[in-house]
Amino acid sequence: MPVLPPVSRFPTALFVLVVLLGASLSCGEGTSKLTIRDFIAGITDAGLTVTAVRHSGSPPGAGAGPTLTVTGGTTAINGGSVQVTLAGSAAFTTVYIAVEGISGYYQVNLPASVATIDLLLTLGQQIPQASFNLSYAAGATGTVGTYQVVPVSVIRVGTGEVQVSVSWNVDSDVDLHVVEPGSEEVFYGNPTSAAGGTLDLDSNAACSIDGKKNENITWAHGPSGTYTVRVDYWSSCGEAQSDYVVTIQRKGHDPETFTGSFTGTGDGGSTGAGTQITTFTFP
């Protein structure tokens, strides 16, 4: 009976090297396929009059343009929005926004020169990383300033077919209320509805400050009909003014954003409380 040759085996070190190389190539390919759209779904000014244009490739290189100071936008939820304030060392007419290490960028073309501007950034619902760096630069008279890097931490929340969220800019207690089709109200006093609505993030409850400044209500499978969105100023927690952004994400629709401000001490509201922001239908 012939003797069979021994089964070939990788030397251990070579086998480990091949595995690590394969994993490295796989990770590199995955990262290279990401674009800024995976992180930022859209950008407008706070007045909702100017919409940023998304470009592929890398943003323009830095030069002698105005330098920006960026305030806000360091904590966000997937599918929500944040407001950032940009102040230039000189007037500017263009803003460039990119994600470090990711292809693509947004360009905001302003109708006139400004020294400061508030922008709304709406995040993607399926952000692939728990944190990332945003780069901001201002442009004026054909030059671009130095890019300012702002780290962003992502708080993971539910998304689903319908997602409604609110973010605000100071340590106050702002509450999100959504009346779903069938008239059940989802809010801190009723965080789960019979139709599947869930309040899965309730921030700064009763002025127990957690620094998150976001609330989120989501339906994995949104019931059909009309939804009513309200925002209540439960307490100022000692803050003079609270600026908020409401974001609505619906399957098959572009994200919608609404802005506003609260002053005063708050109302400690419960069922039925709050300022009506909008109504919408699904599907």
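The values are calculated or read from the model by the stated rules, or taken from the named source; none is laboratory data. Bear in mind the structure is a predicted one, so any value in this text is a computation, not a measurement. Heads up, the Cβs are rebuilt from the backbone with ideal geometry, glycines too, and the neighbour counts pull from every protein chain shown. Each accessible area value is taken on the protein alone, full model and side chains, heavy atoms only, with ligands, DNA and RNA left out. Shrake-Rupley method; radii C 1.70, N 1.55, O 1.52, S 1.80 Å.
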Subject >> Residues (β-branched (Val, Ile, Thr), within 23 Å of GLN107 (Cα to Cα) and open to solvent by 30 Å² or more (accessible area, probe 1.4 Å)) located in the stretch 145-183 >> reply: THR146, VAL149
Original post:
Which one of these does TYR233 not meet: (1) assigned to a loop (DSSP other than H, G, I, E, B); (2) open to solvent by less than 30 Å² (accessible area, probe 1.4 Å); (3) under 11 Å from VAL174 (Cα atoms)?
Top reply: (1)
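Wholly within the stretch 146-207, which strands (runs of 3 or more DSSP E) include no fewer than the required count, namely at least 1 residues that are within 19 Å of TRP234 (Cβ to Cβ) and of a type outside the set (Lys, Arg)? Walk me through it before giving the result.
Values: elements: 148-155, 162-168, 173-179, 198-201.
The qualifying strands (runs of 3 or more DSSP E) are 162-168, 173-179, 198-201.
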Original post:
Mind checking which residues of the stretch 53-108 are among the aliphatic types (A, V, I, L, M), closer than 13 Å to ALA138 by Cβ and open to solvent by 40 Å² or more (accessible area, probe 1.4 Å)?
Top reply: ALA62, ALA64, ALA90, ALA91
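Taking the conditions exactly as written (in contact with a Gly (Cβ under 9 Å, 6 or more places away or on another chain), open to solvent by 10 Å² or more (accessible area, probe 1.4 Å), in a helix (DSSP H, G or I) and in contact (Cβ under 8 Å) with a residue 24 or more places away in the chain), does ARG37 satisfy them or not? Show your work before the answer.
Details: in contact with a Gly (Cβ under 9 Å, 6 or more places away or on another chain): yes; open to solvent by 10 Å² or more (accessible area, probe 1.4 Å): yes; in a helix (DSSP H, G or I): yes; in contact (Cβ under 8 Å) with a residue 24 or more places away in the chain: yes.
The answer is yes for ARG37.
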